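Read through the structure below, which is laid out as structure tokens, and then see the notes.
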Amino acid sequence: MSYYTITKEQIQEIKKLKEEARGQTIKNALQSIMLMEGIEGVGRVQKKMEELECWTEDYNKIKLFDWYPLWYDVLLIAVAADVFNWDDEDLKKFGTYNQKVSFFEKILLKYFISLEVVFKVAPERWKKHYSVGDLESSEFSDKEKYALIRLKNFSPHPVFCPLLAGYFESATNFVVRLKSVSASEKKCTFKGDSYHEYLITWE
């Protein structure tokens, strides 16, 4: 049984999401699937989505800076997690790929001179990718080498929990260039908390 089995009933609920995602996030997801599972893997995901009646030809026409239904992004990742039986570690790895293939984010991070600045602008960067969700940099200590990030009003599917941990870890590592960066989710709305909270540490 898959860690993240998805049903037609769940798909119908996800497709009710009215919010939007930037085309770049969806293209990043497609590219990350290809890096993890190969071009054949992308084909398997498309076939499964067609069987579940949630594939759309728009996936082949996505433009980086245009806005698309949020469910395009959510279902693509959720179905991939089901098809390949990804667990949380796999999804965290997927999140690191997401950050690494994001050309615009890498270029942006390249010009930030400190982690403190990165975490300060993170809420603004989130809004560039999603029309929903409030990202907050709640704590930062360069001396103690940790940061806390809170994400409110964004719970489209549990696959995003480990995925975002991987994304935050990779983005932090890109700035400090160290192997000892770690990110983990400490609070989660799917476990009864009122928001998601991620602890990022580095050495």
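Please treat every number below as a calculation from the coordinates, not as lab data. All values derive from a computational prediction rather than experimental measurement. Every residue, glycine among them, receives a Cβ derived from its backbone with ideal geometry; neighbour counts consider all protein chains shown.
Each Cα pair under 8 Å and six or more residues apart adds its sequence gap; the mean of these over the residue count of the stretch 8-95 is a relative contact order of 45 percent. Across the cross-link table entries LYS15/LYS47; LYS27/LYS92; LYS120/LYS152; LYS63/LYS128; LYS47/LYS128, which are compared at the Cα atoms, the separations over 20 Å belong to LYS47/LYS128.
Place +1 on the Cβ of every Lys and Arg and -1 on the Cβ of every Asp and Glu in the stretch 108-201, take the dipole about the Cα centre, and give the residue among GLY192, LEU151, VAL121 whose Cα lies farthest towards its positive end. Positive-end residue among those listed: VAL121. Peptides 68-79, 119-130 ranked from most to least packed by the mean count of surrounding Cβ atoms within 10 Å: 68-79, 119-130.
Dipole magnitude for the stretch 108-201: about 220 debye, using +1 per Lys or Arg Cβ and -1 per Asp or Glu Cβ, origin at the Cα centre. Placing +1 on each Lys and Arg Cβ and -1 on each Asp and Glu Cβ, with no other charges, gives the chain a dipole about its Cα centre of roughly 540 debye. When the charge dipole of the stretch 8-95 is built from unit charges on Cβ atoms (+1 for Lys and Arg, -1 for Asp and Glu) and taken about the Cα centre, the candidate among LEU35, ASN60, MET49 whose Cα reaches farthest toward its positive end is ASN60.
Before rounding to the nearest 500, sum -39500 (n - 2.57) across all DSSP H runs of length at least 4 in the chain and divide by the residue total; then give [θ] at 222 nm in deg cm²/dmol. Before the final figure, lay out the partial values.
Details: 7 runs with 104 residues, N = 203.
-16500 deg cm²/dmol, from helical runs alone.
TYR3 sits among other residues whose Cβ lies under 15 Å from its own Cβ, and their net charge, with Lys and Arg +1 and Asp and Glu -1, is -3. If the segment from VAL176 to ASP193 were pulled out straight at 0.36 nm per residue, it would be longer than the present Cα-Cα gap by 3.1 nm. Among SER180, SER155, SER32, the ranking by other beta carbons within 10 Å of each residue's beta carbon, starting with the fewest, stands as SER180, SER155, SER32.
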